[in-house]
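Report on the following structure.
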Amino acid sequence: MIKLVKDTLEDIELTRAYNQQLVVLAKENPKIVDVEADVGNCIFGPDFQKVFPDRYINIGICEQSLSSISAGMSAVGLIPFCHTFAVFASRRMCDQNYISCAYAKNNVKIIASAPGISSGENGGTHHANEDIALVRPITDIVIMEPADSTAMRWAVKTAAENFGVYYIRAERLKGNRLYEDDSGFAIGKANVLRGGSDVTLIAEGSLMVGTCLKAAELLQKRGISARVVDIFTIKPIDVDTVVQCARETGAIVTAENHSITGGLGSAVSEVLCDSFCAVPVKRIGIPNRFGEVGQPAELQAVMHMTDQDIAKAAEKVIAGKKQDEK
């Protein structure tokens, strides 16, 4: 059962929450190892290294080997959490993730940090705008993007306790706490953060879930009741909640820190199509373009991913719903 925090409270970076939880789990389970591709400092890896110097492996800048080596560690009974930037964890490691990890049925946890525009000043080469689209079709991979530190700790614990390949997106940003520490989550189950009857805003990750909550406040001032859903498990997606929201509110806006092609918006649209549930849908995310250098907040505006953009999209799908009713 989820429990939402009552007051606005700034959260820690999800990358820090990940590492804190990994240290806790590693104290309980000697099979857990931290495998890095020379960017461990970006996810507070040295904190793990101080406690477990023999279980912290930095293989250098060779991300394809990161996936293969982790698969080999799994094959001898270890539980590797391998980390690199999302751009490398997906594009560069794609074949190894498929063959060495998923197809070979190994037990590998892939931590993909700085996805989408959260990579900021690193620029277009380092903006993983399409990682979900690359990973989602691979059989048996679980994809999660926690929206706060509580959800991240749960995701890491769940990945450690369950056999299989997990792909966890970890934004290097500070947002607001959403969930109390004792909240319970479930794989493939979305969380409704705010009730609403006119439109549903579906998002994943701290950046866009937080932006949707702000958009819902804007819409409320305009007399529009917006439901907000945190769909932190992108695969398997919560079909029942998506369909229920579509039928109850009649209009959907998806919001993601990812390309509008192949990510959350595509997954939600597929669910509605397969469920014969036709409602107006608008996808908010990175358009069909490369990234550029800038602060994440600046890039949100450039890519038309702000709360104002989401509110405008909500008004458009509501108008489309009313047109269909005629």
#### Entry: Residue count, the stretch 192-231 (criterion: β-branched (Val, Ile, Thr) and part of a loop (DSSP other than H, G, I, E, B))
2
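Name every residue in the stretch 279-324 that is hydrophobic (A, V, I, L, M, F, W, C), farther than 14 Å from ALA255 by Cβ and surrounded by 19 or more Cβ atoms within 10 Å (Cβ to Cβ), in order of residue number. Please lay out each step first, then the result.
Taking the stretch 279-324 and keeping what is hydrophobic (A, V, I, L, M, F, W, C), we get 279, 281, 284, 286, 290, 293, 297, 299, 301-303, 305, 310-311, 313-314, 317-319.
Next, only the ones that are farther than 14 Å from ALA255 by Cβ stay: 279, 290, 293, 297, 299, 301-302, 318-319.
Once the filter is applied, which keeps residues that are hydrophobic (A, V, I, L, M, F, W, C), farther than 14 Å from ALA255 by Cβ and surrounded by 19 or more Cβ atoms within 10 Å (Cβ to Cβ), the stretch 279-324 yields VAL279, LEU299, ILE318.
Conditions tested, residue by residue: (1) assigned to a helix (DSSP H, G or I); (2) surrounded by 24 or more Cβ atoms within 10 Å (Cβ to Cβ).
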{"residue": "LEU25", "(1), (2)": "yes, no"}
{"residue": "PRO30", "(1), (2)": "no, no"}
{"residue": "ASN41", "(1), (2)": "yes, no"}
{"residue": "LEU66", "(1), (2)": "yes, yes"}
{"residue": "ALA112", "(1), (2)": "no, yes"}
{"residue": "ILE117", "(1), (2)": "yes, yes"}
{"residue": "GLU121", "(1), (2)": "yes, no"}
{"residue": "ILE132", "(1), (2)": "yes, yes"}
### Task
Filter the stretch 90-105 down to the residues that are closer than 18 Å to ALA75 by Cα and either free of Cβ contacts under 8 Å to residues at least 12 places away in the same chain or of a type in the set (Ser, Thr, Tyr) (or both), then identify the one that is surrounded by the most Cβ atoms within 10 Å (Cβ to Cβ).
SER100
### Message
Looking at the stretch 263-289 only, could you name the residues that are assigned to a loop (DSSP other than H, G, I, E, B) and farther than 25 Å from GLY210 by Cβ?
### Response
SER275, PHE276, CYS277, ALA278
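Bear in mind these aren't lab numbers, they're just calculated from the coordinates by the rules spelled out. Keep in mind the model is a prediction, meaning the values are calculated, not measured. With ideal geometry, Cβ positions are generated from the backbone for all residues, glycine too; neighbour counts draw on all protein chains shown.
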